[in-house]
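The next block holds one structure in the form of structure tokens; read it before the comments.
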């Protein structure tokens, strides 16, 4: 029971990474509420934006020079009260869609967003078709024609007749 | 069930195999620049050697290579002699000295030769950020209207110049044709 609970807890846990040089990025200027939302936005964007120099690290955990520069830029922008979308646009305008770990929805990314759902639907449809066909095959027992029945009887009779062999 | 439907999994497997096989030969570092076909970003920076202020308008009227470099960058040292050679051949190169020590940069140009018409001092990296620079060296091909037409990441050398030269020449031709009529 305990281990089940533990698994459930893990399922609902959210990853939160430490940010490289995190102590440099403090939000202390506004009231508590504002500071907290800004710190959260900063954390969220640092995890969601990809370091353009690295293959698979976000701004939060990369040591690359460019990641440091972009973290600072991100911090400045969040601090000055920019909206998340404006900051994302700023990054995409300079570094391209590559910097987004969560790609934006547009003509280029429809396949990415909807492909898996479409594949799932196709798979479910195939499954349903296959199951249906199998059922049909089981339900329909073909009647033997008179000729076939006669032959069957003959064969069965033959077996009985030859029992003693 | 028709016979050919049995081959569907095989066909899917083959197509998927082809797709992944192709993927093996793609360079994941080859990220298209977001700035191609966009105007060169606005800037106002002093030159490294005499402090004269330059801005994006200074780039208009001529085709340029804009080369982002720094003395801390090893690949820049690799490409430097070839840039000097290109400059001697009449290729107009403008430098962006990216987050560098001014004295070290001046010494570099003194010792190794200066291929740049001028280098602007991007100490804070602001212009480089607007250019979407992720490291040095990077080279932008800017046409006579001040529009970025191509971006090359990594050093330019004798070995990889041939295809780049085609781009350069096409931009030069374009600017000549624009002037004639």
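The values are calculated or read from the model by the stated rules, or taken from the named source; none is laboratory data. Given the structure is predicted, the values throughout are model-derived calculations rather than measurements. Here the Cβ is made from the backbone with ideal geometry for all residues, glycine too, and neighbour counts use every protein chain on show.
Here are the numbers:
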{"item": "Residue A:151 vs. criteria away from every other protein chain (no Cβ under 12 Å) and exposed (fewer than 11 other Cβ atoms within 10 Å of the Cβ)", "result": "no"}
{"item": "Subset of segment A:107-137 [under 30 Å from residue A:46 (Cβ atoms) and within 14 Å of another protein chain (Cβ to nearest Cβ)]", "result": "A:108, A:111, A:115"}
{"item": "Residue list for segment B:70-80, filter: assigned to a helix (DSSP H, G or I) and surrounded by fewer than 19 Cβ atoms within 10 Å (Cβ to Cβ)", "result": "B:74, B:75, B:77, B:78"}
{"item": "Residue match in segment A:83-93 (condition: under 22 Å from the mean Cα position of the chain (by Cα), touching a residue at least 24 places away in the same chain (Cβ under 8 Å) and under 30 Å from residue B:153 (Cβ atoms))", "result": "yes"}
{"item": "Some residue of segment A:18-25 being out of contact with any helix residue (DSSP H, G or I) (no Cβ under 7 Å at 6 or more places or on another chain), away from every other protein chain (no Cβ under 14 Å) and closer than 17 Å to residue A:102 by Cα", "result": "no"}
{"item": "Checking residue B:149 against (1) more than 12 Å from the chain's Cα centre (by Cα); (2) within 29 Å of residue A:50 (Cα to Cα); (3) in contact (Cβ under 8 Å) with a residue 24 or more places away in the chain, the condition it does not meet", "result": "(1)"}
{"item": "Criterion violated by residue A:71 - all others in (1) more than 14 Å from chain B (Cβ to nearest Cβ); (2) under 30 Å from residue B:72 (Cβ atoms); (3) out of contact with any helix residue (DSSP H, G or I) (no Cβ under 6 Å at 6 or more places or on another chain) satisfied", "result": "(1)"}
{"item": "Subset tally (residues that are in contact with a strand residue (DSSP E or B) (Cβ under 8 Å, 6 or more places away or on another chain) and surrounded by 21 or more Cβ atoms within 10 Å (Cβ to Cβ)) for segment A:42-57", "result": "4"}
{"item": "Criterion (more than 12 Å from chain A (Cβ to nearest Cβ), at pLDDT below 95 and under 21 Å from residue B:41 (Cβ atoms)) met by exactly one of B:135, B:146, B:159, B:125", "result": "B:146"}
{"item": "So residue B:45, is it under 14 Å from the mean Cα position of the chain (by Cα), over 15 Å from residue B:134 (Cβ atoms) and assigned to a strand (DSSP E or B)", "result": "no"}
{"item": "Enumeration of residues in segment B:81-96 that are surrounded by fewer than 20 Cβ atoms within 10 Å (Cβ to Cβ) and in contact with a strand residue (DSSP E or B) (Cβ under 9 Å, 6 or more places away or on another chain)", "result": "B:87, B:91, B:92"}
{"item": "Hits in segment B:102-116 (condition: in a helix (DSSP H, G or I) and in contact with a strand residue (DSSP E or B) (Cβ under 8 Å, 6 or more places away or on another chain))", "result": "B:102, B:105, B:109"}
{"item": "Close pairs (9 angstrom Cβ cut-off, 6 or more residues apart or separate chains): surrounded by 10 or more Cβ atoms within 10 Å (Cβ to Cβ) in segment A:118-137, assigned to a helix (DSSP H, G or I) anywhere", "result": "A:118/A:111"}
{"item": "Scan of segment B:48-68 for residues that are outside any loop (DSSP other than H, G, I, E, B) and either within 14 Å of chain A (Cβ to nearest Cβ) or over 13 Å from the mean Cα position of the chain (by Cα) (or both), ordered by number", "result": "B:53, B:54, B:55, B:56, B:57, B:58, B:59, B:68"}
{"item": "Residue within segment B:97-116 that is surrounded by fewer than 17 Cβ atoms within 10 Å (Cβ to Cβ), away from every other protein chain (no Cβ under 14 Å) and closer than 23 Å to residue B:164 by Cβ present", "result": "yes"}
{"item": "Unique match (being surrounded by 17 or more Cβ atoms within 10 Å (Cβ to Cβ) and within 14 Å of chain B (Cβ to nearest Cβ)) among A:60, A:64", "result": "A:64"}
